[in-house]
Amino acid sequence: MRYIEVTVDTPENEIDLRCEQMAEMGAGGFVIENEADFQNFLENNHQYWDYVDKELEDKFSGLSRIKCYLTDDEAGTNTLRLIQAAYGKVQVAYVEDSDWENNWRAFYKPIEAGQRLVVVPEWEEIPEGSRVPLRLDPGLIFGTGSHATTRMCLAELENYAAGSRVLDLGCGSGILGIGALVLGAVSCLGCDIDPKAPDVVFSNAALNGIGPDRLQARAGDIISDGGLRAEFGGGYDLVLANIVSDVIIPLSPFVPGFMAPGGVFITSGIIEGRQDEVRAAMEAAGLKITKHCCREEWHCFTAVLA
């Protein structure tokens, strides 16, 4: 079925009033887009700041508008005329309902990572070749394999995964921990502040034939929760943290306590300009950086106990 997408530029202080008015005209399914909501999101989600580029900020600059969706039939057309008569010029587009459900999938294709892995969305065929497939259902949680930080971490963990016991801090979708497991890691424990993360991790693990005997996930803040740190313990051969600089810096003092003798710490999510701060924090925590990679203005460090 086809729908009419109607966009009405609206002063921020009139958004609630206009939604009520448009509802009386027969509209529904409102989407509110404005700069205030965007800035509020950033203020309450500092961990994502490094991933917000200027293009996205510019997109929301001064933005204040209402979107609604009408059925492309006589009733919807009549409602559109009422909206146009009430507010003058509005933006109109036509979309199929299938666009909302499936078209986003076109943006996710198999992605080669490092020398051995290929990240494959669950609906795509596994490409022919010798690479090890890592099945993934891209969802709302960060970690699809497309970001430079994730690709660098996956490439680097190839060197250390086999036979290792893994701790994935800020696990998101579980892509790094699952990547380590399909490359031969013995077990993985993941942790993320997002309460939805464990369910997503378990779903993605199941796509790869990995069960709870090899992978576990928790929701919590490893930095502020001493009880959680004690529960996780130490002795991990491989510790992963693909987060952001503002989390890696306070996390660094705790990392050596998680590591086994000879263990390795791989961390990324470090935007250009923050690498020296992160390096200093890691070295102050007793970590020795053995490798530094950079891709698309993002940095990745590999470290061992000094």
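The values are calculated or read from the model by the stated rules, or taken from the named source; none is laboratory data. As the structure is a computational prediction, the values presented were derived from the model and not from experiment. Remember, those area values only see protein heavy atoms, side chains included, never the ligands or the DNA or RNA. Shrake-Rupley method; radii C 1.70, N 1.55, O 1.52, S 1.80 Å.
Of the heavy-atom accessible surface of the range 143-263 (probe 1.4 angstrom), what whole percent is carbon and sulfur?
55
Tell me the relative contact order for the range 232-289 as a rounded percent, counting alpha carbon contacts under 8 Å between residues six or more apart.
Contact order relative to length: 42 percent.
With a 1.4 Å probe and every protein chain left in place, work out the accessible area per residue of the range 161-209 in Å², rounded to a whole number.
Ligands and nucleic acids excluded, the result is 30 Å² per residue.
Output the relative contact order of the range 142-293, whole-number percent, from Cα pairs under 8 angstrom with separation of 6+ residues.
21
Which order do Val186, Val201 take by accessible area at a 1.4 Å probe, largest first?
Val186, Val201
Suppose all protein chains stay in the model; what accessible area per residue would a 1.4 Å probe give for the range 232-293, in Å²?
So the range 232-293 comes to 36 Å² accessible per residue, rounded to a whole number.
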